[in-house]
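Bear in mind these aren't lab numbers, they're just calculated from the coordinates by the rules spelled out. Model, not experiment: these values are computed from the prediction. Using ideal geometry, Cβ is built from the backbone for each residue, glycine included, and neighbour counts are taken over all protein chains shown.
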Amino acid sequence: MSPQLHTLFFFSGKANSSIADHFIGLLSDKQPHHHQMYYSTIEKVVGWELSWPILLFVFVASLFVVTSRPDPFSDIPGPFLARWTPLWLAYQARRGRRYQVVDELHKRYGRFVRIAPNHISVADKDALPIVYGQGHRAFDKSPFYHAFIGDKASVFSTTDRQDHAQKRKLVSQAFSYGSLLNLTPLISAIVSSFVEKLDKISESAEYIDALVWFNYLAFDLLSDLAFGEPIGMVEKGSDAVVVEKADGETVMEHAISLVDEREHLAAVVGHHPTFRFLSKFLPDPFFVRGHRASHGLEDLARRRVMKRIRSNAHRDDILGRLIHARIGDGGSLTADQTNELIAESVTLLIAGSDTTSNSLTAILHLLLTHPDDFKRLYTVLEEAVEPGELPRYNQVKDIPLLDATIDEGLRLHATTAIGLHRSVPDGGILCCGRFFPASTEMSVPAWTIQHDESIWNDPENFRPQRWLDNPDLRRYLMTFGKGPRACLLMDVILSSLAYMEMRLVLSTIILRYDMELQTPHMETTEGFMHKPKCLMTRFRRRNASP
């Protein structure tokens with residue numbers, strides 16, 4: 001139980017337009033004179049006369065925080081507002097720059113920074129085995145993850161230790177490295193289809209957004225592995241999908257937007273225990289789209305999962321293994337088990353598609369802006385793959401320089417750039433020379449650790465060789481999560497399935513195409529994950545490529 005009590009204030013009478021304007025600006029990052037469209041939006045939903053007290057209630061209730069005992073963190077520096085309200089951190093997440101702001105604060109204040117009333121960010125490599133360690137003193141996931149729960153919690157979103165252990169046991173039966181290796185023919189087939197499409201595109205010599213096409217590839221791969229059939233994004237050149245709602249109505253949605261908007265919403269509303277519900281009534285279209293996307297992803301997964309269950313098809317893929325883990329060789333799934341499968345499928349779509357496509361884009365950008373490293377990797381790959389053929393996984397799975405290039409790209413870009421939230425166990429914990437009481441929320445900022453000069457010496461330089469010189473550096477790579485409460489789906493997908501995909505895709509396009517960036521600069525943004533905005537690239541077939 002948190003030691004904090006929230007003193008709630010409510011005002012009657014007419015809305016104070018100035019306060020309302022500034023509050024809407026706080027959440028939407030818009031100036032007051034731009035709010036007319038937001039006012040009209042909320043009027044359509046609940047009416048402005050009803051909505052303004054809700055907005056004011058959230059703002060004032062979270063601002064006036066009174067502690068029932070002396071503040072244990074009064075000496076820890078941080079933004080003034082962060083001492084009183086978690087909305088400061090939610091605001092940074094809403095702007096898509098939380099990881100940057102937290103990194104800047106650590107550069108200014110040092111190891112410990114208070115980023116919310118009960119949340120301490122610790123930028124110290126020695127904190128990693130404490131905050132994300134194993135054993136009976138392992139931290140639990142914090143209530144932040146409740147924002148990722150739909151109809152049913154997944155192994156990623158559950159914060160209950162016993163429930164997590166049970167879900168992890170079930171999921172682990174479907175995700176072992178050995179079992180994933182059996183899926184390489186399917187992965188190779190999807191990559192081959194991607195290459196055929198890219199060949200046709202390359203004939204025009206036009207610039208295309210590599211991020212978008214990596215998204216198409218990742219979605220097709222994950223849908224094939226998870227549902228038994230590809231969505232067909234690569235073939236169509238579009239992320240438009242048919243989604244069946246809970247009431248049976250079918251609508252067309254854009255899957256990539258669903259993932260982006262859903263994860264960004266969760267990254268914002270997870271910072272306050274009541275914000276998830278109250279955000280449904282806020283006028284900012286960001287929240288409207290985010291909640292709609294959450295339902296859309298669940299509907300997308302439900303349609304695919306139910307289609308697979310009704311077919312009674314037995315296929316050795318991820319969904320088949322998840323079903324088998326629950327009912328064995330016979331029996332039927334209960335409604336509760338079906339909802340669990342849908343929850344895991346949503347996590348799978350996000351973890352397996354968004355993270356992989358973002359990482360591929362960032363790594364390609366780094367290679368194309370560092371031609372010497374590109375040439376070195378090209379030479380190594382050329383020696384490993386037979387002339388005139390597409391790379392096979394067994395040809396590229398054990399190339400140290402390829403893995404080092406991937407690791408260096410993951411480090412520099414930091415797909416997971418924020419610190420993953422954890423809660424101090426009963427009895428408190430001693431971390432980096434300071435005691436933190438039970439229920440304190442703590443995190444270690446991934447971006448800051450992966451750009452820490454004391455670890456990497458030259459952290460802003462792209463230098464794959466560092467991983468060959470010192471393999472122990474992997475302990476500081478936080479892309480895949482850390483510790484026993486790390487999401488098994490993300491952990492195994494990113495460390496196994498995503499590596500399989502990235503090895504195949506990178507080796508294929510490096511050997512097959514001459515590539516050129518439209519501009520060397522790549523802008524990024526942040527939802528829950530850190531991602532490129534786009535990467536306009538021209539692909540042209542090499543003369544000697546197969």
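The table below lists the values:
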item	result
Peptides 281-292, 219-230, 188-199, 428-439 ordered by average Cβ neighbours within 10 Å, highest first	219-230, 281-292, 188-199, 428-439
Förster-model FRET efficiency, 41 Å R0, Asn394 and Asp372, C-beta, rounded to 0.05	0.90
Positive-end residue, the stretch 71-541 charge dipole about Cα centroid, Cβ charges, pick of Tyr476, Cys432, Val346	Cys432
Of Lys236/Lys307; Lys125/Lys533; Lys307/Lys531; Lys397/Lys533, pairs whose Cα-Cα distance is over 26 Å	Lys125/Lys533; Lys307/Lys531; Lys397/Lys533
Fraction of antiparallel bridges per DSSP, the stretch 71-541 only, in percent to nearest 5	90 percent
Vicinal HN-Hα couplings computed from phi for the stretch 339-355 (Karplus, 6.51 cos²θ - 1.76 cosθ + 1.60; Hz; Gly/Pro x)	5, 5, 4, 5, 4, 5, 5, 4, 4, 4, 4, 6, 5, x, 9, 5, 5
Farthest toward positive dipole pole in the stretch 71-541 [+1 Lys/Arg, -1 Asp/Glu at C-beta], among Val234, Leu183, Pro117	Pro117
q = 0.14, 0.18 Å⁻¹: log10 I(q)/I(0) that the Debye formula gives for the stretch 236-309, counting C-alpha atoms only	-0.48, -0.74
Relative intensity, log₁₀ I(q)/I(0), of the stretch 71-541 from a Debye sum that treats every alpha carbon as a point, q = 0.05, 0.10, 0.13, 0.14 Å⁻¹	-0.18, -0.74, -1.29, -1.48
Under the Karplus curve 6.51 cos²θ - 1.76 cosθ + 1.60, θ = phi - 60°, whole-Hz ³J(HN,Hα) for the stretch 268-279, x wherever Gly or Pro sits	8, 6, x, 7, 9, x, 9, 5, 4, 6, 5, 5
